[in-house]
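Worksheet for the structure shown next.
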Amino acid sequence: MADEKAIAHTAEHAFIGALQKILGRTLQVRKVEHKKDGNTAVISISRLDVDNIVKAEIMVNALIQEGREVTMRTYSSLEEARNANPSLRANEARISGEVRVVEIGGHDITACAMEHAHNLKECEFFLVTRLSKSGDEYEVDFTVGRQAKQTAISISAKMLKVCSELGANLNTIENTARKIREERDSSSKNLKMLSKDRLQSTEPTKRDGMSVYNGVFSALSNEALQEFAGEKILEPGTIVIVSNIGSDSAYFVFARNEAMSDLDCNHIFREAVGSDGRGGGKAHFLTGVVKKERAADVVAKVVDAALRQRQK
Ligand SMILES: [Zn+2]
């Protein structure tokens, strides 16, 4: 029996061969990695979807079940190999001189110098565990044999747990997940709209030619606070110091018109909050997080410090 790496590698031939049949085109495999915890094939292709991956998985497992033989033969050149095997798959840049051709009976013929199993049966079971796009390539992770069986069990266990978390079953899980995502998107859109209305009703305090918008809110959208500040500070002489109390902590925005360069938001915020929060950003626009119970106090302190600084 061939070693684990050779077995995993042979499954990769079967898988690429299967994908080629399903997609009706020749594929270029840029790189194959065989590691202890799994294998990765990097395929040069601009689009590859889960449905086709699953079709290929089913095909590979059927070939394993049938026990397709894997045979090898050598040719003196790539040209000769191509003449004898018109459907030959080869990474031409890497091949020079004598060529070894690996054939999975009736399925795939590839020029390859690596070690292979003698029969697909040795793969036992083939499972794709991850599909990820990067640029014009797709990385496909897969496992074979005992590792694949163990992984299949742990993936199905996760799936069952996700079903119970979401109150769904295996038939409805995808629809449930889609619905939850849609609901979440629409809720956060509504919250942002309501938050904007709430913030817009804030009146500024006018002092020494400045407009100061300050306030402590709760359960608003943090994004709305940021947008509100970004909008208001376009007006000359305007400062925005607002906090939004959430379930764990309070979100903080301190921003000022860009021309008021004597006010360093980072410096003033750090002085006011001490060790009860953290934040950062540009000198004129800071966002941060403070302890819930300190939110009102920190807003007051920052307002105070900003006004004092401007009076200097
Ligand atoms: Zn090979």
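The values are calculated or read from the model by the stated rules, or taken from the named source; none is laboratory data. For clarity, every value in this text was computed on a predicted model and none was experimentally measured. Don't worry about glycine lacking a Cβ; one is built from the backbone with ideal geometry, like all the others, and counts go over all protein chains shown.
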Can you name every residue in segment 101-110 that is part of a strand (DSSP E or B) and either more than 9 Å from the ligand (Cβ to nearest atom) or touching a Phe, Trp or Tyr at 6+ places or on another chain (Cβ under 8 Å) (or both)? Val101, Glu103, Ile104, Asp108, Ile109
Can you say whether Ala148 is more than 16 Å from the ligand (Cβ to nearest atom), closer than 24 Å to Gln65 by Cα, buried (at least 17 other Cβ atoms within 10 Å of the Cβ) and of a type in the set (A, V, I, L, M, F, W, C), as far as the supplied structure shows? yes
If you scan segment 241-268, which residues turn out to be closer than 21 Å to Ala300 by Cβ and either part of a helix (DSSP H, G or I) or of a type in the set (A, V, I, L, M) (or both)? Ile241, Val242, Ile245, Ala250, Val253, Ala255, Met260, Leu263, Cys265, Asn266, His267, Ile268
Filter segment 19-53 down to the residues that are more than 11 Å from the ligand (Cβ to nearest atom), out of contact with any strand residue (DSSP E or B) (no Cβ under 8 Å at 6 or more places or on another chain) and closer than 22 Å to Ala152 by Cβ and list them by number. Ile22, Lys35, Lys36, Asp37, Asp49, Asp51, Asn52
Test for Ala14: is it small (Gly, Ala, Ser) and within 16 Å of the ligand (Cβ to nearest atom): yes
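Pick out, from segment 1-100, the strands (runs of 3 or more DSSP E) lying fully within it that include 2 or more residues that are within 25 Å of Lys121 (Cβ to Cβ), outside the structural domain of Tyr138 (by TED's automatic domain parsing) and over 32 Å from the mean Cα position of the chain (by Cα). Break it down into steps so the answer makes sense when it comes.
Values: elements: 28-35, 38-44, 70-75.
Answer list for segment 1-100: none.
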Restricting to segment 252-272, give me the number of residues that are surrounded by fewer than 23 Cβ atoms within 10 Å (Cβ to Cβ) and either under 34 Å from the mean Cα position of the chain (by Cα) or on the phi > 0 side of the Ramachandran plot (or both). 2
Residues in segment 127-140: is at least one part of a helix (DSSP H, G or I) and surrounded by 11 or more Cβ atoms within 10 Å (Cβ to Cβ)? no
Give the residue, chosen from Ile22, Ile53, Ile58, that is buried (at least 17 other Cβ atoms within 10 Å of the Cβ) and β-branched (Val, Ile, Thr). Ile53
If you check Thr151, Thr205, which single one turns out to be closer than 27 Å to Asp49 by Cα and not aliphatic (A, V, I, L, M)? Thr151
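Just wondering, is there one or more residues in segment 225-240 that are in contact with a helix residue (DSSP H, G or I) (Cβ under 8 Å, 6 or more places away or on another chain) and in a loop (DSSP other than H, G, I, E, B)?
no
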